[in-house]
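The values are calculated or read from the model by the stated rules, or taken from the named source; none is laboratory data. Values in this document were obtained by computation on a predicted structure and should not be read as measured data. Here Cβ is always computed from backbone atoms with ideal geometry, including for glycine, and neighbour counts include all displayed protein chains. Side chains included, ligands, DNA and RNA excluded: accessible areas come from the protein's heavy atoms. Shrake-Rupley method; radii C 1.70, N 1.55, O 1.52, S 1.80 Å.
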Amino acid sequence: MINLRRIDLNLLVTLDVLLAEQNVTRAAERLFMSQPAVSVHLAKLRDLLGDPLLLPGPRGMRPTARAEALREPLRDALESLSRAVAPATPFDPAKADLTWRIAATDYTESTIVLPLLKRLRADAPHTRLAAFDLTPSRLARQAEQGVIDIAFHTTQDGPEGLRRKALFTERYVLVGRRGHPKLKRRPSLRQFCELEHAIVSQDGGGFHASTDDALARLDATRRVVLSVPHFLFLRSALANTDLVAMAPERLVRDDPALQVTTPPVEVAGFEISMYWHERVHRDPAHRWLRECIASVV
C-alpha cells in the first residue's frame with residue numbers, strides 16, 4: 001500500500017492533466033509549467049506507482065491499463081478535494097434548510113427569541129428553531145459538542161471559553177397591574193416597602209434578591225410574599241393581583257395589562273450577551289444568525 005504522506009499532491013494534479021491531454025506539451029501549457037518540469041513529474045509518478053502510465057503513441061502518448069483504471073477515481077478525488085478546500089459559499093437564508101438550537105431562559109426567550117422569530121420566518125422560511133432550557137453549568141460543553149448553537153446569559157456570570165457579544169443592558173423597574181391603586185404615582189421609599197412584593201428566584205424558593213441588598217444599604221426592608229421560578233409566571237401574577245415586583249424593563253414595558261414606574265431605590269441592572277463556540281465562529285449561516293439576533297434586539 002502506498003504511503004499517502006509520500007505523495008505530492010501536485011504530482012496527482014499533473015497526472016490528471018496528462019491523462020486528459022495524453023501529450024506532455026499540451027499538459028505543460030494547461031498547468032503553466034515547462035515541458036521538462038512535466039516530464040520530471042511523470043518520472044516521479046512512474047516511480048511512485050510502479051507503472052509507466054503513459055507510453056509513446058502515434059499521436060502523442062497512450063495510457064497504460066493502470067493509468068486508465070486511475071483516470072476516473074483520480075478525477076473524482078481531486079474534485080472532492082477541490083470542493084472541500086474551496087472558500088465557503090455565501091449563505092442564502094431564503095434557501096437554507098437548517099435547524100438552529102438556542103439555550104435561553106424564559107426571560108431571554110421573551111426579549112430575544114420572540115422578536116427573532118418574525119425575522120426568521122420572513123427571511124429564512126425553511127429553517128427551524130429549537131429553544132432549550134438554559135443550564136449555565138453545561139453551556140460550554142453543550143456548545144462544544146454542537147448540542148446548542150447559541151446561548152443567552154448574563155455577561156457577569158457567563159461561561160468561560162466561548163465567544164461572546166454583548167446585546168443590551170437591562171434595568172429594573174417597578175411593576176404592578178394596570179390601575180393599581182398604589183402606583184398612580186411614584187411611591188416613596190416607605191410606601192414601596194409597605195407594598196406586597198413578588199420576586200423571581202431561579203434557584204427556587206428564595207425571598208431575597210438584589211433589591212433587598214439595595215434596601216439594606218438604606219436601612220430599609222420590604223415585604224416579599226411570593227417567590228416564583230419564572231418571569232412569565234411573575235407577569236401573570238402581577239396582572240391578576242395587587243402584588244408588585246421589581247422586574248426587567250424589556251419584559252414588561254409593552255404589556256398592556258401592566259403599569260410601569262420608576263422605583264424609589266436604585267437597583268443595579270445587568271447585561272445580556274450571546275455566546276457561541278469557536279467551531280462555528282466563521283460559519284456563514286451562523287454568522288448570519290448572530291447578525292439577525294443583534295439587529296432585532
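Annotations for the structure displayed:
- Subset of the range 246-284 (residues that are over 30 Å from G146 (Cα atoms), open to solvent by less than 70 Å² (accessible area, probe 1.4 Å) and either among the hydrophobic types (A, V, I, L, M, F, W, C) or free of Cβ contacts under 8 Å to residues at least 60 places away in the same chain (or both)): M246, A247, V252, D255, A257, L258, V260, V265, V267
- So F168, is it over 21 Å from S295 (Cβ atoms) and in a strand (DSSP E or B): no
- Verdict on D203 being part of a loop (DSSP other than H, G, I, E, B), open to solvent by 20 Å² or more (accessible area, probe 1.4 Å), within 25 Å of T135 (Cβ to Cβ) and not polar (S, T, N, Q): yes
- Extreme residue, farthest from W276 (Cα to Cα), among residues of the range 180-212 that are out of contact with any strand residue (DSSP E or B) (no Cβ under 7 Å at 6 or more places or on another chain) and small (G, A, S): S188
- Being of a type outside the set (S, T, N, Q) and buried (at least 18 other Cβ atoms within 10 Å of the Cβ) holds for only one residue in L218, L243, and it is L243.
- Filter result for F231 (at pLDDT 95 or above, open to solvent by less than 60 Å² (accessible area, probe 1.4 Å) and within 25 Å of the chain's Cα centre (by Cα)): no
- Selection status of P159, in a loop (DSSP other than H, G, I, E, B), closer than 26 Å to L139 by Cα and either open to solvent by less than 70 Å² (accessible area, probe 1.4 Å) or among the hydrophobic types (A, V, I, L, M, F, W, C) (or both): yes
- Pair list, Cβ under 9 Å, 6 or more apart: the range 63-85 residue of a type in the set (S, T, N, Q), other residue surrounded by fewer than 12 Cβ atoms within 10 Å (Cβ to Cβ): T64/L55
- Yes/no for P136 being open to solvent by 20 Å² or more (accessible area, probe 1.4 Å) and in the same structural domain as W276 (by the TED database): yes
- Residues considered: T108, T89, T135. Of these, the only one that is modelled with pLDDT of 95 or more and β-branched (V, I, T) is T108.
- Residues that are farther than 15 Å from V175 by Cα and either in a helix (DSSP H, G or I) or not assigned by the TED database to the domain that holds H197 (or both) within the range 214-251 comprise A214, L215, A216, listed in sequence order.
- Count of residues meeting criterion [under 29 Å from the mean Cα position of the chain (by Cα) and in a loop (DSSP other than H, G, I, E, B)] in the range 256-284: 6
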